[in-house]
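**Student:** If you scroll down you'll find the structure; I have some questions about it.
The values are calculated or read from the model by the stated rules, or taken from the named source; none is laboratory data. The structure presented is a predicted model; accordingly, all values stated were derived computationally and were not measured. Neighbour counts are summed over all protein chains in view; Cβ atoms, including those assigned to glycine, are modelled from backbone coordinates with ideal geometry.
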Amino acid sequence: MNPDQISLAIAAIDPAPLFALSLFPYLLFLWWAQRRQLIPRLSLLGFQLTLLFVAVTIAAALFADLRFGAELVEVDGLHGGAEAFLTLSNAVIVAGLIGRLRDLHRAKQTDETVDSAPTEAGE
């Protein structure tokens, strides 16, 4: 098999089953993240909003196909609207992480203030 034949064979693979299968590890990640409580709540909400992005993208792709007979990437308004949900979810994830960093920074400053407080003689 030459490289062109391999490329054609790969291009012929329908990605829909792989896309559907990728949902399971992501749902497992969300379940794990919620149980472990290691990710800030706002960031966890952002990761959950990614599922909304997926749903909106699927709906927009179907609408683009049925209404315009085109793929989603060819209908700028629908494509941009769907991508806005990804931007929203990413912004919420980052906002949660920034909030966590601020909390850690404040806690560190508070600890340093307490540790560096002068003590009375003899203590």
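**Student:** When you scan the stretch 50-60, do you find a residue that is assigned to a helix (DSSP H, G or I), out of contact with any Leu (no Cβ under 8 Å at 6 or more places or on another chain) and over 21 Å from A82 (Cβ atoms), even just one?
**Tutor:** no
**Student:** Among the numbered criteria (1) surrounded by 14 or more Cβ atoms within 10 Å (Cβ to Cβ); (2) outside any helix (DSSP H, G or I), which single criterion is violated by I13?
**Tutor:** Of the numbered conditions (1) surrounded by 14 or more Cβ atoms within 10 Å (Cβ to Cβ); (2) outside any helix (DSSP H, G or I), the odd one out for I13 is (1).
**Student:** Related question: From L18, L28, L44, grab the single residue that is at pLDDT 90 or above, exposed (fewer than 13 other Cβ atoms within 10 Å of the Cβ) and farther than 23 Å from G81 by Cβ.
**Tutor:** Numbers: L18 fails: at pLDDT 90 or above; L44 fails: exposed (fewer than 13 other Cβ atoms within 10 Å of the Cβ).
When all the criteria are applied, what remains is L28.
**Student:** Only one of (1) at positive phi; (2) modelled with pLDDT of 95 or more fails for Q37. Which number is that?
**Tutor:** It fails just one condition, (2).
**Student:** Return the pairs, sorted by first residue and then second, in which the second residue is of a type outside the set (A, V, I, L, M) and surrounded by fewer than 13 Cβ atoms within 10 Å (Cβ to Cβ), the first residue lies in the stretch 89-104 and is without any contact (Cβ under 8 Å) to a residue 60 or more places away in the chain and under 8 Å from L42 (Cβ atoms), the beta carbons are less than 8 Å apart, and the residues are 6+ apart or on different chains.
**Tutor:** Within 8 Å, the pairs are G96/R41.
**Student:** Kindly indicate the residue of the stretch 68-86 that is part of a helix (DSSP H, G or I) and either out of contact with any helix residue (DSSP H, G or I) (no Cβ under 9 Å at 6 or more places or on another chain) or of a type in the set (G, A, S) (or both) and also nearest to F24 (Cα to Cα) among those meeting that condition.
**Tutor:** Here is the first cut: in the stretch 68-86, the residues part of a helix (DSSP H, G or I) are 68, 72-74, 76-86.
Adding the requirement that they be either out of contact with any helix residue (DSSP H, G or I) (no Cβ under 9 Å at 6 or more places or on another chain) or of a type in the set (G, A, S) (or both) leaves 76-77, 80-82, 84.
Values: D76: 30, G77: 30, G80: 26, G81: 25, A82: 22, A84: 24 Å.
Looking at the filtered set, the residue picked out is A82.
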